[in-house]
Each structure stands twice: as C-alpha cells, then as structure tokens.
1. At 0.36 nm per residue, and after removing the present C-alpha to C-alpha distance, how many nm does the segment from Arg180 to Ala95 gain when stretched out fully?
2. Per the Kirkwood formula on distinct C-alpha pairs, the Rh of the chain is how many angstrom?
3. Over the chain, what percent of the accessible surface lies on carbon and sulfur atoms, probe 1.4 Å?
4. Excluding ligands, DNA and RNA, what is the solvent-accessible area per residue of region 15-83 at a probe of 1.4 Å, expressed in Å²?
5. So how exposed is Ile18, as accessible area in Å² (1.4 Å probe, rounded to 10)?
6. Restricting to Cα pairs below 8 Å that are 6+ residues apart, what does the relative contact order work out to for the chain? Please round to a whole percent.
7. By accessible area of protein heavy atoms, probe 1.4 Å, what ranking do Asp44, Asp67 get, highest first?
8. As an exercise, take the mean of 1/r over every pair of distinct alpha carbons in region 7-75, invert it, and state the Kirkwood radius in angstroms.
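The values are calculated or read from the model by the stated rules, or taken from the named source; none is laboratory data. This one's a predicted model, so the numbers in the text were calculated from it and none came from an experiment. Note that we place each Cβ from the backbone using ideal geometry, even for glycine, and neighbour counts take in every protein chain shown. Surface accessibility is based on the protein's heavy atoms, side chains included, excluding ligands, DNA and RNA. Shrake-Rupley method; radii C 1.70, N 1.55, O 1.52, S 1.80 Å.
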Amino acid sequence: MGLRGGTRSGPGDLSGTIRCTHTDKDLILDAVVEDDVHKADRTDPSAAWQVDSLQYDLYSGFPGTTDGNRVEVGAALLPSGPVAYTWSPPPGQQAGPTPGADVSVVRDGAAGTTTYRLAVPWTSLGFDRAPTGTFGLSFLVNDADASTATDARDGYLQWGAGVGAAPKNPARFRSVRLVR
C-alpha cells in the first residue's frame, strides 16, 4: 500500500496494527505503529496532525447522511509528552485538549515502534453513552520523516477515507456498529 500523499519504502517506513474497542464510558483506540523515523517536535498540540500521530473522525450518523455531527480527535507524542487533541468538537464543546481523554504514547526507538492508547469518553465525542446504532468512523496514521520547520507530514496510511485531506468528508467514512 502506498503512502497517501508521499512515498513509503516498505513496512519499516510505516505500518502497524490498530484496534478499536469500547467500554460504556469510552471509545478506545490501541495501535502499534512501526516507523523508522519519529518526528514530532511541535509545541502546539493543535499542530499534532503535521507530525507522527494518529487521527480519527467519528460521524454520529450513518456515512452519507446529513443528520450527524463529525468529531475529529488525535494523539501524538510531542516533546512535552503525550497529547490528545480535538480539532472538530461536537456541538457545545470547544476545540482543544480532548476533555477526559486518557492518552499514552510510548516510542521504542530501538524497535522502531510507537505504541498508542487513546481512550476518549463518549461525551467528548458527542454521545451521552455508547451508541447502539451505526455510525461512521475513519482513522489514519500520519508519517513525518522530513524537516519539521513546516508541515512535516510526508503522508498517511488510512482506514476508511475522508479524514486526511480537506474538506473532511463523512460520506467516505466506514460504517461501524459496536458489539459486546
């Protein structure tokens, strides 16, 4: 698979596994990303998408409908430590650090892996509880191997679509339904 918007020399340059689970309280994203170069020297968490990081978008409606709300959240390991950031909040909330998020991002330079765990409360995603119906979801892993003076992102690998390029498009998200 090619790197969207860039080149990828193979699995060591960017690959990994992502698993999405949930509790009654949180949506949980666990990932182990293989990446030969870790670049994430931003000080402003709102710029985390420009460096090695994860992003996901959740759409409260069925993909392709216009009756839902889109929420965009991400995680990165910046010099100040792990951050969870919400770029597109649900109605009534503000962009900024993700309220109530539990985030862990650990880089193992010798193994060339970054391990992410991002648990975000359903309330921070615009739900009062775990949804029982179908909703839209898409996520990506950003890869930044270049100089970080400007947007360092070389590209990204994605599951679904509609997140990595503007305009964001919930019609391209994948349909998801939670199971126990």
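1. Working: separation 85, 0.36 × 85 = 30.60 nm, distance 3.08 nm.
So the extension gain works out to 27.5 nm.
2. On the way: mean 1/r = 0.0615 Å⁻¹.
Hydrodynamic radius (Kirkwood, Cα only) of the chain equals 16.3 Å.
3. Values: 4300 of 8420 Å².
In the chain, the share of accessible area belonging to carbon and sulfur is 51 percent.
4. Numbers: 2920 Å² over 69 residues.
Accessible area per residue: 42 Å².
5. 60 Å²
6. Working: 453 pairs, mean separation 46.1, N = 180.
So the answer I get is 26 percent.
7. Values: Asp44 80, Asp67 120 Å².
Sorted descending by solvent-accessible area, the residues read Asp67, Asp44.
8. On the way: mean 1/r = 0.0692 Å⁻¹.
Answer for region 7-75: a Kirkwood hydrodynamic radius of 14.5 Å.
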